[in-house]
Amino acid sequence: MELRDDLMQMEKKLWSGGQTEYRNTLDKDCLVAFTEMAGISSRDEIASQADARRFHDVDIDVDAMLRPTDDVAILTYHVHAMREKNVPYEAVVSSGYVRRAGAWKMMFHQHTPLGDAAPHGGGERK
């Protein structure tokens, strides 16, 4: 349970953090899957887009964690947060981590907005 809690805290920092948190948490390259984009991006490309003001009041409910090897962990969760101007935001998120030199680094991130946060107003949770 300790690793799950550590990864959840890392995720929370990314939701409300800026470029420093991203550079400290991401692996050199990260596979990302968002509604608007998908592919491999470098740590610096992703960090340069980080805006610490984008989300606040972040609440994460972990759905599951899988640890297929001692050095790989995948976390799936449901997030509720507030955007700028106090607009509610909800999504289902999965992140994959790899342990390198004793530190956990995010190497995969998938993000699916739900409800009104989803493009074209769709994406309600089943």
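The values are calculated or read from the model by the stated rules, or taken from the named source; none is laboratory data. The shown structure was predicted, so the numbers you read here are calculated from the model rather than taken from an experiment. We place every Cβ from the backbone using ideal geometry, glycine too, and count neighbours over all the protein chains shown.
Of note:
- Looking across region 22-51, just one residue is over 16 Å from MET107 (Cβ atoms) and surrounded by 15 or more Cβ atoms within 10 Å (Cβ to Cβ), and that is ALA50.
- Residue count for region 61-119, restricted to those that are outside any strand (DSSP E or B), more than 20 Å from MET10 (Cβ to Cβ) and not basic (Lys, Arg): 9
- Cβ-Cβ under 6 Å pairs, at least 6 apart or on other chains, region 101-115 side under 21 Å from ASP5 (Cβ atoms), far side part of a strand (DSSP E or B) and among the charged types (D, E, K, R): LYS105/ASP27; MET107/ASP27
- Residue count, region 41-72 (criterion: at pLDDT 95 or above and over 15 Å from the mean Cα position of the chain (by Cα)): 7
- Hits in region 53-69 (condition: of a type in the set (D, E, K, R) and surrounded by 10 or more Cβ atoms within 10 Å (Cβ to Cβ)): ARG54, ASP57, ASP59, ASP63, ARG67
- Reported count of residues in region 70-89, each being surrounded by 14 or more Cβ atoms within 10 Å (Cβ to Cβ), free of Cβ contacts under 8 Å to residues at least 60 places away in the same chain and touching an Asp or Glu at 6+ places or on another chain (Cβ under 8 Å), is 4.
- Residue match in region 37-54 (condition: part of a strand (DSSP E or B) and in contact with a helix residue (DSSP H, G or I) (Cβ under 8 Å, 6 or more places away or on another chain)): no
- Taking the listed residues GLY96, GLY17, GLY123, GLY115, the one that is at pLDDT below 95, surrounded by 12 or more Cβ atoms within 10 Å (Cβ to Cβ), within 13 Å of the chain's Cα centre (by Cα) and among the small types (Gly, Ala, Ser) is GLY17, with no other qualifying.
- Of all residues making up region 22-39, the number that are over 12 Å from the mean Cα position of the chain (by Cα) and modelled with pLDDT under 95: 7
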